[in-house]
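> What follows is a single structure, and I will ask about it in a moment.
The values are calculated or read from the model by the stated rules, or taken from the named source; none is laboratory data. Source: prediction; values computed, not measured. We place every Cβ from the backbone using ideal geometry, glycine too, and count neighbours over all the protein chains shown. Note: areas computed on protein heavy atoms with side chains; ligands, DNA, RNA excluded. Shrake-Rupley method; radii C 1.70, N 1.55, O 1.52, S 1.80 Å.
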Amino acid sequence: MENSSDANTLDYKDTLNLPKTSFPMRGNLPKREPQMLERWAEIDLDAMIEKAEAGRPRFVLHDGPPYANGHTHIGHALNKILKDLVVKSRRMQGFAAPYVPGWDCHGLPIELMVDKKLGKKKRDMSKAEIRRECRRYAEDWVDVQRDEFKRLGVFGNWDDPYLTMKDSYEA
């Protein structure tokens with residue numbers, strides 16, 4: 001015998017008047033996001049945008065860069081997404097709005113993380129060796145954060161970022 005509660009259960013999806021479309025009703029973001037990012041890289045979307053903006057008046061957003069010392073958190077995400085919205089809206093208003101992402105690769109936040117990582121080993125290292133370790137640490141986190149920011153849908157010149165540890169910056 002059927003359970004009486006099963007007989008009284010209403011399948012609500014059968015009561016909805018949903019449109020018939022050629023695209024799936026689910027976004028399936030975990031599968032589609034990597035495909036989207038790959039497609040944007042394949043067609044070099046940022047270069048296409050830059051080419052389309054040639055000759056337009058410029059709008060430059062000076063971005064205060066994050067430290068290269070950890071995974072992207074909600075503060076980074078909010079900051080990058082809001083700034084990306086400003087840049088994209090200026091592009092739609094007819095401006096050339098290049099975005100050069102950047103990272104602060106010096107300072108106490110990075111040194112503290114490297115101190116924790118090295119522990120007592122640091123006592124036997126020269127200042128130059130410690131600086132090299134800080135540089136390596138920052139380089140690793142720039143790569144991680146770059147990929148995380150791309151996953152947020154932020155467009156930018158990711159191949160030539162502004163880094164405070166570049167010789168051109170320090171000069």
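> Can you send over the carbon and sulfur percentage of the accessible area for region 3-140, probe radius 1.4 Å, protein chains only?
With neighbouring chains kept in place, the figure for region 3-140 is 57 percent.
> Between 0 and 90 degrees, rounded to the nearest ten: what's the tilt of helix 29-42 against the longest Cα principal axis of the chain?
Helix 29-42 and the main axis of the chain meet at about 50 degrees.
> Could you work out the relative contact order of region 98-160? I mean the mean sequence separation of Cα pairs under 8 Å and 6+ apart, divided by the number of residues, in percent.
That works out to 62 percent.
> Calculate the translational D of region 1-91 in whole µm² s⁻¹ from Stokes-Einstein, where the hydrodynamic radius comes from the Kirkwood formula applied to all Cα pairs, the temperature is 25 °C and the viscosity 0.890 mPa s.
Value of D from the Cα-based Kirkwood radius: 130 µm²/s.
> Taking trypsin sites (Lys or Arg not before Pro) that fall in a DSSP loop and have at most 11 other Cβ atoms within 10 Å as cut points, what is the longest piece of the chain between them?
Counting only loop sites that pass the neighbour cut-off, the longest clear stretch is 27-171.
> Could you size up the charge dipole of the chain around its Cα centre, putting +1 on the beta carbon of Lys and Arg and -1 on that of Asp and Glu, and report it in debye to the nearest 20?
440 debye
> For a quick check of understanding: with a 1.4 angstrom probe and all protein chains in place, what accessible area in square angstrom does Phe155 have, to the nearest ten?
40 Å²
> Taking K and R as +1 and D and E as -1, what net charge do the other residues with C-beta under 9 Å from the C-beta of Phe95 add up to?
Value of the local net charge: +3.
> For mean projected area of the Cα convex hull in nm², the choices are (1) 10.7; (2) 11.8; (3) 19.1; which was calculated from the structure?
(3)
> Calculate how steeply helix 108-118 sits against the longest principal axis of the alpha-carbon atoms of the chain, using the helix alpha-carbon long axis, and give the answer as 0 to 90 degrees to the nearest 10.
So the helix axis and the longest Cα principal axis differ by about 90 degrees.
> Also, quick follow-up: Would you compute, from DSSP H runs of 4+ residues alone, the mean residue ellipticity of the chain at 222 nm, taking -39500 (n - 2.57) per run and dividing by the full residue count, rounded to the nearest 500?
-15500 deg cm²/dmol
> May I pose another question? Angle check, please: helix 127-151 long axis (alpha carbons) against the longest principal axis of the chain (alpha carbons), in degrees 0 to 90, nearest 10.
Between the helix axis and the principal axis of the chain, the angle is about 20 degrees.
> Using a 1.4 angstrom probe and counting only protein chains, how large is the accessible area of Asp104 in Å², to 10?
40 Å²
> Can you tell which of Ser168, Leu108, Trp158 lies farthest toward the positive end of the dipole of region 38-171, using +1 and -1 charges on the Cβ of basic and acidic side chains (Lys, Arg; Asp, Glu)?
Leu108
> OK, next. Which of the GluC sites (Glu not before Pro) across region 1-91 are loop residues per DSSP, with 14 or fewer other Cβ within 10 Å?
Glu2
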